[in-house]
1. Determine, for each peptide in 289-302, 264-277, 96-109, the mean count of other beta carbons within 10 angstrom over its residues, then list the peptides with the highest first.
2. Out of residues 5 or more away from residue 153 or on other chains, whose amide H comes under 5 Å of its own, with H placed 1.01 Å from N in the peptide plane?
3. I'd like the distance separating the alpha-carbon centroids of the stretch 47-80 and the stretch 236-304, in whole Å.
4. Can you list the HN-Hα couplings for the stretch 134-143, worked out from phi with the Karplus curve (6.51, -1.76, 1.60; θ = phi - 60°), rounded to whole Hz and with x for Gly and Pro?
5. Could you work out how much longer the chain between residue 62 and residue 98 gets when fully extended? Use 0.36 nm per residue separation minus the Cα distance between them, nm to one decimal.
6. Please work out the FRET efficiency for the pair residue 304 and residue 244, using the Cβ-Cβ distance as r and a Förster radius of 25 Å; give the result to the nearest 0.05.
7. Enumerate the amide H contacts of residue 234 below 5 Å, restricted to partners 5 or more residues apart or on another chain; note that Pro and chain-start residues carry no placed amide H.
8. So, with +1 on the Cβ of K and R and -1 on the Cβ of D and E, and no other charges, what is the size of the charge dipole of the stretch 70-112 about its Cα centre, to the nearest 20 debye?
Amino acid sequence: MIATNGRIARLAVLAALAVACGPDDRPVGPAAKVTAHDIADDQLAYGPWSAPVNLGPVINTSFIDADPAISKDGLSLYISTDRPGGLGDLDIWVSQRASVDDPWGPPQRMYFGSLRAGGCGGSDLYVSHRHDAKDDFGWEPAVNLGCVVNTPSDELFPTFFEDDVTGMTTLYYASNRPGGLGGFDIYTSTRSGDDGAFGPGVLVAELNSSGRDSRTAIRRDGLEIFLASDRAGGLGDRDLYVSTRASALDAWSTPLNLGPVVNSAARDGAPALSFDGTTLYFFSGRLGGFGGSDLYVTTRQRIDQ
């Protein structure tokens, strides 16, 4: 078991989820491989987001509960929290449920963490694998993604999109490296195939602002992306935004604020989208919660065309 510090804990779970493999060696997690069937199925539209609902006292505590990541099957919810029983400032915990209609069980602390030795800078991106997609405690020790992706600055909040049509995998993450537009900006690194190395980070200019732009959540077809930002014109300390594009090869549209139904006057961040695109998890410091920040969920209906 390898202990983590708080900043790295949030990275390890997201990168690890992204490359978890099921029995057929297909990735599962926040962004799984898209097939031609998936793309045909994704020619759809969605209704408006509902008012967010607090996930309740089984998930949330009087401490910080944040940074959700949801598995492809919707049965495992990974979070970072500083509740008692952890190893560091923030640790990775997982909550499970028997079906998407069942309540979440009490979160349990994960028994793996990031490798702090040999890093490239302040906060680095790490990756972990597991052999059984159903084993939430079977993760291997996390491995640093290396100093092509990571820099002497901070790299945070990895999510990725794997496109079976082009064979390219795109890793989205936030960094405060020199050359950006604000404090933290969204970058991408790409690789071809399943085993190649990720290339250097490229600034995604159309998603960024002069403020802090960070955690992303991308829909499985690669045509819709959610992000957290404190850019000018928001409703609170930090808001959730959405951007779209016509194809996976096109530029993203200017991000739009999700509005007062979803966002609050407090800090709202770290979006995590379900595989079917109908459920968005995030953390919020809004009034009415149990602690410093709580986990919330908002839903929308799929509209068949």
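1. Working: 289-302: 18.6, 264-277: 21.0, 96-109: 12.5.
So the order, starting with the most tightly packed, is 264-277, 289-302, 96-109.
2. Residues meeting the amide H criterion: 122.
3. Using only Cα atoms to place each centre, the spacing works out to 12 Å.
4. 8, 9, 6, 10, x, 6, 7, x, 6, 10
5. Values: separation 36, 0.36 × 36 = 12.96 nm, distance 2.59 nm.
Gain on stretching residue 62 to residue 98: 10.4 nm.
6. Step by step, r from the Cβ atoms, then E = 0.85.
7. Residues meeting the criterion, in which the H sits 1.01 Å from N, do not exist here.
8. Approximately 60 debye in magnitude.
Where a number appears in this text, it was derived from the coordinates with a stated rule and is not lab data. Note that this is a predicted model, so its numbers are computed, not measured. Backbone-built Cβ (ideal geometry, glycine too); neighbour counts: all protein chains shown.
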